[in-house]
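In what follows, a structure is listed as structure tokens, so that the remarks can point back to it.
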Amino acid sequence: MFYLHAPKSLGNPDLRHRNARIGHATSSDLRNWTNHGQVFDAGAPGSFDGSATWTGSVVRGPDGLWRMFYTGSRFLAPDSFANIESIGVATSPDLFAWTKQPGEICVADERYYETLGTSSWPEEAWRDPWVFWRQSDQRWHMLVTARGKDGTEPDRGVMGHATSPDLVHWSVEPPLSASGSGFAHLEVFQIIRIDGQNHIAFCCDAAKLCGHRAGGVGGVWSLPVGEMPGRVDFAAARLLVDERLYAGRIAQDRQGRPWLLAFNNVTADGAFEGGICDPLPISTGADGYLEVSRNDD
């Protein structure tokens, strides 16, 4: 497991976002974990990851090296919400010793995506890379939390897209979804195949629901999809768990059973909690959507 952490000495939990680092833990059963600490630090002040390192994904390339594609965050001033996000990469032979590659490898393209200063949104959203290989076109694909150039603010959350032949050189492509689906942002994408069906999992909190979803409950969302990458209609997304849990990813155990692990976001009365939840069993409902199973056997 690669997870985000920040020091409790910050006091205000909201400050964790601009002080986050990536940690590493291992488990044989998804329940009992050995923590291995921080994998690498943020970059030098002013660099693309000079403020914080955020969520990403890990894949193994044909050269045998593991690659962690992660979000670099650069806040423009200590008292400002203005933040530029871009994608960096680190490599490892064994998932333990990581070497960051210099500089960002993928940034928001203003031809297709909202960038800082082009709207009232306080950040240049280009984060949470989910990377996977598609055999049919012999290319690597990256799904990214992004915002579209068009649409009524703030209802511009879209699924960004980039492609690569070699995990090194990346080309930014047009978004795979349209603005106006009721999400100001769609965070922490995952594509997972369960019971022969592809699903997208992602998250959005209540504060970032907008349009026809404004005033609703946020949390971890999902929807069944066809072959990816492909066009996605996030208006069809459905809440999987409410935002007492957040940033969820589905892992499969040694028997192939799917389990949701997510961030303990807030308690029932809205207080910040922190930590990773125990695994929750996931199944496919009669309508084809994912759901948390009622029975854990």
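The values are calculated or read from the model by the stated rules, or taken from the named source; none is laboratory data. Because the structure is predicted, anything quoted here is derived from the model rather than measured. Cβ: placed from backbone, ideal geometry, glycine included. Neighbour counts: every protein chain shown. Ligands, DNA and RNA are stripped out before the accessible areas are found, and what is left, the full protein with its side chains, is counted by its heavy atoms. Shrake-Rupley method; radii C 1.70, N 1.55, O 1.52, S 1.80 Å.
If you go through segment 120-130 and keep only what is touching a strand residue (DSSP E or B) at 6+ places or on another chain (Cβ under 8 Å) and either among the charged types (D, E, K, R) or surrounded by fewer than 24 Cβ atoms within 10 Å (Cβ to Cβ) (or both), you end up with W121, P122, E123, E124, R127, D128.
Within segment 51-65, residues that are at positive phi have Cβ atoms under 8 Å from residues that are open to solvent by 20 Å² or more (accessible area, probe 1.4 Å) in these pairs: G64/P93, counting only partners at least 6 apart in sequence or on another chain.
Once segment 39-89 is narrowed to residues that are outside any strand (DSSP E or B) and aromatic (F, W, Y), the residue that is least open to solvent (accessible area, probe 1.4 Å) is F48. Would you confirm whether any residue within segment 138-149 is out of contact with any strand residue (DSSP E or B) (no Cβ under 7 Å at 6 or more places or on another chain) and at pLDDT 95 or above? Checked against the condition, which is being out of contact with any strand residue (DSSP E or B) (no Cβ under 7 Å at 6 or more places or on another chain) and at pLDDT 95 or above, segment 138-149 yields at least one hit. Just to verify a result, which residue in segment 2-17, among those that are open to solvent by 60 Å² or more (accessible area, probe 1.4 Å) and in contact (Cβ under 8 Å) with a residue 40 or more places away in the chain, is farthest from the chain's Cα centre (by Cα)? Filtering segment 2-17 for residues that are open to solvent by 60 Å² or more (accessible area, probe 1.4 Å) and in contact (Cβ under 8 Å) with a residue 40 or more places away in the chain, the one farthest from the chain's Cα centre (by Cα) comes out as H17. When the residues of segment 199-223 are narrowed to those that are β-branched (V, I, T) and under 17 Å from the mean Cα position of the chain (by Cα), which ends up farthest from F263 (Cα to Cα)? Checking each candidate, the answer is I200. Within segment 124-140, does at least one residue satisfy the condition of being among the charged types (D, E, K, R), touching a residue at least 24 places away in the same chain (Cβ under 8 Å) and either part of a loop (DSSP other than H, G, I, E, B) or over 22 Å from A178 (Cα atoms) (or both)? Yes, there is a match, as at least one residue in segment 124-140 is among the charged types (D, E, K, R), touching a residue at least 24 places away in the same chain (Cβ under 8 Å) and either part of a loop (DSSP other than H, G, I, E, B) or over 22 Å from A178 (Cα atoms) (or both).
Within the option set W221, W140, being open to solvent by 10 Å² or more (accessible area, probe 1.4 Å), more than 30 Å from Q101 (Cα to Cα) and among the aromatic types (F, W, Y) holds for one residue only, W221. Return a yes/no flag: does segment 163-170 have any residue that is farther than 28 Å from T91 by Cα and surrounded by 15 or more Cβ atoms within 10 Å (Cβ to Cβ). No, because not a single residue in segment 163-170 is farther than 28 Å from T91 by Cα and surrounded by 15 or more Cβ atoms within 10 Å (Cβ to Cβ). Quick one: is L239 open to solvent by 40 Å² or more (accessible area, probe 1.4 Å) and either among the basic types (K, R) or in a strand (DSSP E or B) (or both)? Here the answer is yes, as L239 does meet what is asked.
Here's the yes/no breakdown for (1) free of Cβ contacts under 8 Å to residues at least 24 places away in the same chain; (2) more than 26 Å from Q138 (Cα to Cα):
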position: V188; (1), (2): no, no
position: I191; (1), (2): no, no
position: I194; (1), (2): no, no
position: H199; (1), (2): no, no
position: F202; (1), (2): no, no
position: V220; (1), (2): no, yes
position: V225; (1), (2): no, no
position: Q255; (1), (2): yes, yes
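Considering P154, P174, the condition of being open to solvent by 20 Å² or more (accessible area, probe 1.4 Å) and over 22 Å from H17 (Cα atoms) is satisfied by P174 alone. So which pairs qualify, if the first residue must be in segment 146-169 and at positive phi, the second must be at pLDDT 95 or above and exposed (fewer than 13 other Cβ atoms within 10 Å of the Cβ), the Cβ gap must be under 9 Å, and the two must be at least 6 apart or on different chains? Filtered contacts from segment 146-169: L167/P62; L167/D63. For G248, the test of being open to solvent by less than 20 Å² (accessible area, probe 1.4 Å) and either within 30 Å of R139 (Cβ to Cβ) or not in a strand (DSSP E or B) (or both) is passed. Return the residue satisfying two criteria in turn: it lies in segment 288-297 and is under 29 Å from A235 (Cβ atoms) and at pLDDT below 95, and of such residues it is least open to solvent (accessible area, probe 1.4 Å). Selected residue: S293. When the residues of segment 131-176 are filtered to those that are over 17 Å from R213 (Cα atoms) and among the hydroxyl-bearing types (S, T, Y), the one that is nearest to the chain's Cα centre (by Cα) is T145.
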